[in-house]
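Worksheet: one structure, shown below.
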Amino acid sequence: MNSLYTILLLIGSNIFMTLAWYGHLKLQEMNISNSWPLIGVILFSWGLAFFEYCLQVPSNRIGFIGNGGPFTLFQLKIIQEVISLTVFTIIAMVMFKGESLHWNHIASFICLVAAVAFAFLKTE
């Protein structure tokens, strides 16, 4: 169950992270934040990032092998990166209609999935 909890928390964390990093661009596109000073945009993003950390820190604590979880530190990071790019792709495709997914993006994702597979190979 720790694997499932870790992955679900990482998905939630990455949703907030992606919104913190790129959500202000959508607000600008919608003419909501155009008059905000840069510090206002930063504070908005930090507010979202707070919730990202509220999910990310427990996911790593639950998932880390040193705390009884199933994943090594490197496995956690590689899983997080794949989840991050997957969440980003979905949010970009839904929120930013002008962005499109091309063959080279898909090839890159395939390489990342391969990286996850390599990370879980036994080295002993």
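The values are calculated or read from the model by the stated rules, or taken from the named source; none is laboratory data. For clarity, every value in this text was computed on a predicted model and none was experimentally measured. Side chains included, ligands, DNA and RNA excluded: accessible areas come from the protein's heavy atoms. Shrake-Rupley method; radii C 1.70, N 1.55, O 1.52, S 1.80 Å.
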Practice problem: For residues that are open to solvent by 60 Å² or more (accessible area, probe 1.4 Å) and β-branched (Val, Ile, Thr), scanning just region 36-71, find the one that is nearest to residue 21 (Cα to Cα). | Solution: 42
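Applying the selection to region 72-93, what residues are farther than 18 Å from residue 121 by Cα and either open to solvent by 80 Å² or more (accessible area, probe 1.4 Å) or more than 14 Å from the chain's Cα centre (by Cα) (or both)? I'd like the intermediate steps shown before the answer.
Initially, region 72-93 is screened for residues farther than 18 Å from residue 121 by Cα, giving 83-93.
90, 93 - these are the residues of region 72-93 that are farther than 18 Å from residue 121 by Cα and either open to solvent by 80 Å² or more (accessible area, probe 1.4 Å) or more than 14 Å from the chain's Cα centre (by Cα) (or both).
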